[in-house]
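Working notes, structure below.
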Amino acid sequence: MILEALDLHHVYPGGVIALEGLSLTVERGRRLAVLGPNGAGKTTLLLHLNGTLRPSAGEVRLDGVAQGYSRAELAAWRRRVGLVLQDPDNQLFAATVEEDVSFGPLNLGLTEAEARDRVTEALDALGIADLAERATHMLSFGQKKRVAIAGALAMRPEVLLLDEPVAGLDHRGARLLLQALERLAASGTTLVFTTHDVDLAWAFAERVALFDRGRVILHGDAAEVLGDRDALAQAGLEPPLLLELGFRTREEALGRLNPLPLAGEGGEHREPGEGKDPG
Amino acid sequence: MILEALDLHHVYPGGVIALEGLSLTVERGRRLAVLGPNGAGKTTLLLHLNGTLRPSAGEVRLDGVAQGYSRAELAAWRRRVGLVLQDPDNQLFAATVEEDVSFGPLNLGLTEAEARDRVTEALDALGIADLAERATHMLSFGQKKRVAIAGALAMRPEVLLLDEPVAGLDHRGARLLLQALERLAASGTTLVFTTHDVDLAWAFAERVALFDRGRVILHGDAAEVLGDRDALAQAGLEPPLLLELGFRTREEALGRLNPLPLAGEGGEHREPGEGKDPG
Amino acid sequence: MTLHMDRLAQGGPWRQRALAEKAVLALGLLGLALVLPPWPGAALVLVAAWTSALAAARIPWGDWLRLNAAPLGFVLTGAAAVAVEIGPDGITLAADHGRAALAIVLRASAAASCLLLLAATTPTPDLVQGLRRLGLPVELIEIMLLTWRFIFLLQDAAASIRNAQEARLGWHGRGRSLRSLGLLIAQLLPQAMERARRLEMGMAARGFDGTLRLARPHRRVSAISMISIISLHLVLAGTCLWLA
Amino acid sequence: MHIMEGFLPAGHALAWTAISTPFVVAGVRRLKRILADNPQARLPLAAAAGFTFILSALKLPSVTGSCSHPTGTGLGAMMFGPSVMAVLGAVVLLFQGLLLAHGGVTTLGANIFSMAIAGPWVAYGVWKLSDRLGLPAAIGVFLSAFLGDLATYVVTSTQLALAFPDAETGFAGALAKFASIFAVTQAPLAVAEGLVTVVVINALTAR
């Protein structure tokens, strides 16, 4: 376990309660989906996990150590835990991609030359090396998303927090982004992402924390949490459709497609998921 | 047919081509999805369909009549064709919901009393009568979306154009919105909406116009267009997963769910879609 | 959405040239346009600026003409005022038969084309970084760089709000237009401040402590280019004095 | 109303730059103090400058049918204060010169004086005064924005008249000429700007 939230409470000025005794464990090297409906407080949680917001009660631990909120402690914390906001326009502030991505590394105290290496590395990791000199405001939405992630990645965080990473992306854009995240995960970065999309959680997360009204109501393996109809219903969500149809993984469903003829024609291939159906 | 676009061309200043010989027919009383990847020019198309943008070549016809761009003609046009943009924050500009929704009716020259009736009617249609006196900036995202639609609806348009209506909404929010749109369609309003989500198009549209790089490359019944793998691939999209799995409608898939046991258990119910599988 | 001028600067062949070369060329010409006698000085500068823009920087003709037309409204109105005199007989042509007005038009067109040459070949953030090297306070530079980003964010929002208002007949008629514009501005200002708040969160996550640290590519100044640019200035000044 | 690049003779351009510089320097000092106390203020300040720039790119419908844009000097002075407006206004004017070919660099000093100094201070003064006189808020806001806009136009006309005095009637004649020529477009715009600013302030206070 690398990151832990313990009994977090957060009340926004004006009395809106965002977190109400939230506890959560992030295991090192895993992909964790924080799943919940809009307005459940998912973003607020992410902002606590890197110290942007300070809880009114409770604490956040990194490697078992409760984190403090002094300037130096925050700097050390954020060096290890990166954050990518949902709207990349809230994240990109510099005129060009290169400049923007270099911001984090330079804040770490690296030299310009070192920072430039980090920029190259981060852009490569996201497959957008060709965008380096482009003006930020000329990028497409999908490109902005990836540049925003590169900006966090250039600080070489151990944990990367992503708020609704594929929201607003079309099929191709989402796939490109998830592939890049997959590579990051493979190279050892711990990923925590929020989503309201059960199908995305099912397709991409190893662990799922089900979130409702400021609390985690269920936390466990993706298949386990996403198979719990009642818990999902409590959070106003429905189980992933493919899981309901009897597939245990998205790959299984997709694997069935090629040999499976389109509706109306005959077919004989059977995948394991269907093999259990005695009919 | 109520609305037609004929060979529209649009070039943004600086030479970016958005529409390149686009033709499209909107049938009265139908729900038409304009389906395409991000950046294909879908929003630009909507802005042409109510006269906000003027094509560099081509024309838009309403009830068979080519539309002009004088102030009076535009007013008549927009009275009949309403537009709802994607981001509700750019759409709501008055302090309270009531005030915002009355903006259109008052601009139609209605009296305050008449405008108030229209507001009530529109809020009722979207199931948000209770929000009337709320401050617009305190609403949740899903509420803002519905208020934005109410604002267009209060002008009693014959056609309602919606840009990515459920983008950013969670499951519940999307369902509420689609139910409201369903009611509108049932009462005779023609709906045109853009989306990059094939599953949404499959679930909600009767007709689909497949859009790619400034042109409609395929237009027809939803099932027909969404079943055309090659055309979808050309636009960088994939067919709806459920359709691929052999269901002809979403209802069919959902209908199968209840009797179907979860994976791992036995089951005996068969739905028509599967019945065609001889295995 | 982008600004026309910016698109030219971002996409043009001179984007990769060193800032110092472009600045010395354009601002040098601009200086000459102001200090040399309008005839033939400004005329020579005009030719040099247009040649640089069209032949060397390869700005498309149509774009260049449109850019140069923008300031003309003011220049012609202002010059018209200089060309006439209000006397006892009402408004009459000035005693110099408008020669002073012509000189102003010539000088202003030449000077404007020099500035356009710089603006259409150099993205504004590059110029701002140049100002930093000239010693402007770093706080001011940072505000300018951030302002640049906000311009594009807010421009999109403003355009979108306006489209939404037009769809609900907000801009039909003068009264409604004024009201719509007021509502638009009132919607835009809180949005701008909200953006600022969120951008700050995103920057804090990357270790923002109040100082903007950015790595900028340095483009080397070519000595040959610099010598030719300065020679051009000298030749122009010399020709002008010799002709005059 | 921006004086275009190259319109002012070199001497006048220099003189106006010299006159505006102390105001901008004072504004920068104040800015530095604000940022020293609160480093994060960079973003709202930049947002304010970006907002002011966008105002000047919005079309303002005018009585004469010609479309121009609001100056935002009155609104800016009311929202952000006149001393900060001197700096933000200078930034905006520079960007307008570079990005919109509106104004210029040699005329920057003159334009800063009319639009980032005179306009905001007049607007601010009128606003405070009407408050003290107990005028209704809407009237105060209208007068402030209207007179702020009008002040920039009067100052610009004065700057032009000083640069191009009439051969016979001198400065006074030239001022009459410039003021009347530009009044055709500027006076209705000032009225429009006043009205729009009232709508803005009303809508903002209603939130």
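The values are calculated or read from the model by the stated rules, or taken from the named source; none is laboratory data. All values derive from a computational prediction rather than experimental measurement. Don't worry about glycine lacking a Cβ; one is built from the backbone with ideal geometry, like all the others, and counts go over all protein chains shown.
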_I'm trying to understand the selection: among the residues of the range A:108-133, which are at the interface with chain C (Cβ under 8 Å from one of its Cβ atoms) and either in contact with a Ser or Thr (Cβ under 8 Å, 6 or more places away or on another chain) or free of Cβ contacts under 8 Å to residues at least 40 places away in the same chain (or both)?_
A:Glu112, A:Ala115, A:Arg116, A:Val119, A:Glu133
*Candidates B:Thr194, B:Thr190, B:Thr136 - the one that is in contact with a Ser or Thr (Cβ under 7 Å, 6 or more places away or on another chain), modelled with pLDDT of 95 or more and among the hydroxyl-bearing types (Ser, Thr, Tyr)*: B:Thr194
*Selected residue (only one of A:Ala180, A:Ala201 is within 14 Å of another protein chain (Cβ to nearest Cβ), closer than 27 Å to B:Ala167 by Cα, assigned to a helix (DSSP H, G or I) and at pLDDT 90 or above)*: A:Ala201
_Subset of the range C:1-27 [closer than 30 Å to C:Cys240 by Cα, in a helix (DSSP H, G or I) and either more than 16 Å from the chain's Cα centre (by Cα) or of a type in the set (A, V, I, L, M, F, W, C) (or both)]_ = C:Trp14, C:Leu19, C:Ala20, C:Glu21, C:Ala23, C:Val24, C:Leu25, C:Ala26, C:Leu27
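Being surrounded by fewer than 24 Cβ atoms within 10 Å (Cβ to Cβ), of a type in the set (Lys, Arg) and outside any helix (DSSP H, G or I) is true for just one of B:Arg172, B:Arg156. Which residue is that?
After ruling out the rest, the residue left standing is B:Arg156.
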*Taking the residues in the range A:208-232 that are within 20 Å of A:Glu20 (Cβ to Cβ) and free of Cβ contacts under 8 Å to residues at least 40 places away in the same chain as candidates, determine which candidate is farthest from the chain's Cα centre (by Cα).*
A:Ala231
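Look through the range D:20-50, keep the residues that are modelled with pLDDT of 90 or more and in contact with a Gly (Cβ under 8 Å, 6 or more places away or on another chain), and return whichever of them is surrounded by the fewest Cβ atoms within 10 Å (Cβ to Cβ).
The residue in question is D:Thr21.
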*asked:* When you check D:Ala167 against the structure, is it among the hydrophobic types (A, V, I, L, M, F, W, C), more than 17 Å from the chain's Cα centre (by Cα) and at pLDDT 90 or above, yes or no?
replied: no
*Among the numbered criteria (1) within 14 Å of chain D (Cβ to nearest Cβ); (2) of a type outside the set (A, V, I, L, M, F, W, C); (3) exposed (fewer than 14 other Cβ atoms within 10 Å of the Cβ), which single criterion is violated by C:Ser180?*
(3)
*Could you list, in sequence order, all residues of the range C:16-39 that are at pLDDT below 90 and either buried (at least 18 other Cβ atoms within 10 Å of the Cβ) or among the basic types (Lys, Arg) (or both)?*
C:Pro38
*Would you tally the residues in the range C:201-228 being at the interface with another protein chain (Cβ under 8 Å from one of its Cβ atoms) and among the charged types (D, E, K, R)?*
4
*Please find, within the range C:136-157, the residue that is nearest to D:Ala48 (Cα to Cα) out of those that are β-branched (Val, Ile, Thr) and within 7 Å of chain D (Cβ to nearest Cβ).*
C:Thr147
*Give me the pairs: first residue in the range A:84-100 and within 7 Å of chain C (Cβ to nearest Cβ), second residue among the β-branched types (Val, Ile, Thr), beta-carbon distance under 7 Å, and six or more apart or on different chains, which are they?*
A:Gln91/A:Val84; A:Ala94/A:Thr136; A:Ala95/A:Thr136; A:Glu98/A:Val119
_If I filter the range B:37-51 for residues that are more than 15 Å from B:Ala148 (Cβ to Cβ), of a type in the set (D, E, K, R) and surrounded by fewer than 20 Cβ atoms within 10 Å (Cβ to Cβ), do I get at least one hit?_
no
*For the subset of the range C:103-115 comprising residues that are more than 15 Å from the chain's Cα centre (by Cα) and of a type in the set (A, V, I, L, M), which member is nearest to the other protein chains (Cβ to nearest Cβ)?*
C:Ile104
*When the residues of the range A:56-76 are filtered to those that are out of contact with any Gly (no Cβ under 9 Å at 6 or more places or on another chain) and part of a strand (DSSP E or B), which remaining residue is surrounded by the most Cβ atoms within 10 Å (Cβ to Cβ)?*
A:Leu62
*asked:* Can you pull out every residue in the range D:164-177 that is facing another protein chain (nearest Cβ under 9 Å) and within 25 Å of C:Leu34 (Cα to Cα)?
replied: D:Phe164, D:Asp166, D:Ala167, D:Ala174, D:Lys177
*Could you say which residue among C:Val82, C:Val45, C:Val105 is at pLDDT below 90, crowded, with 20+ Cβ neighbours inside 10 Å and either not small (Gly, Ala, Ser) or not in a helix (DSSP H, G or I) (or both)?*
C:Val82
*Residues of the range D:178-191 satisfying the condition of being surrounded by fewer than 23 Cβ atoms within 10 Å (Cβ to Cβ) and within 7 Å of another protein chain (Cβ to nearest Cβ)*: D:Ile181
_Selected residue (criterion: nearest to C:Leu232 (Cα to Cα)) from residues of the range C:28-41 that are among the small types (Gly, Ala, Ser) and either more than 10 Å from chain D (Cβ to nearest Cβ) or not in a helix (DSSP H, G or I) (or both)_ = C:Gly28
_Taking the conditions exactly as written (modelled with pLDDT of 95 or more, under 21 Å from the mean Cα position of the chain (by Cα) and not acidic (Asp, Glu)), does B:Val97 satisfy them or not?_
no
*Which number in (1) aromatic (Phe, Trp, Tyr); (2) within 30 Å of C:Leu93 (Cα to Cα); (3) touching a residue at least 60 places away in the same chain (Cβ under 8 Å) marks the one condition that D:Phe171 misses?*
(3)
*asked:* All but one of (1) closer than 30 Å to A:Ala40 by Cα; (2) at pLDDT 95 or above hold for A:Asp89; state the number of the condition that does not hold.
replied: (2)
*Enumeration of residues in the range D:1-19 that are surrounded by fewer than 23 Cβ atoms within 10 Å (Cβ to Cβ) and closer than 24 Å to C:Gly135 by Cβ*: D:Ala10, D:Leu14, D:Ala15, D:Thr17, D:Ala18, D:Ile19
*Got a sec? Which of C:Ala196, C:Ala237, C:Ala215 is surrounded by 14 or more Cβ atoms within 10 Å (Cβ to Cβ) and assigned by TED's automatic domain parsing to the domain that holds C:Val138?*
C:Ala196
*the range C:158-172, residues that are at the interface with chain D (Cβ under 9 Å from one of its Cβ atoms) and surrounded by fewer than 21 Cβ atoms within 10 Å (Cβ to Cβ)*: C:Arg162
*Does the range C:116-135 hold any residues that are free of Cβ contacts under 8 Å to residues at least 12 places away in the same chain and away from chain A (no Cβ under 14 Å), and which are they?*
C:Arg133, C:Leu134, C:Gly135
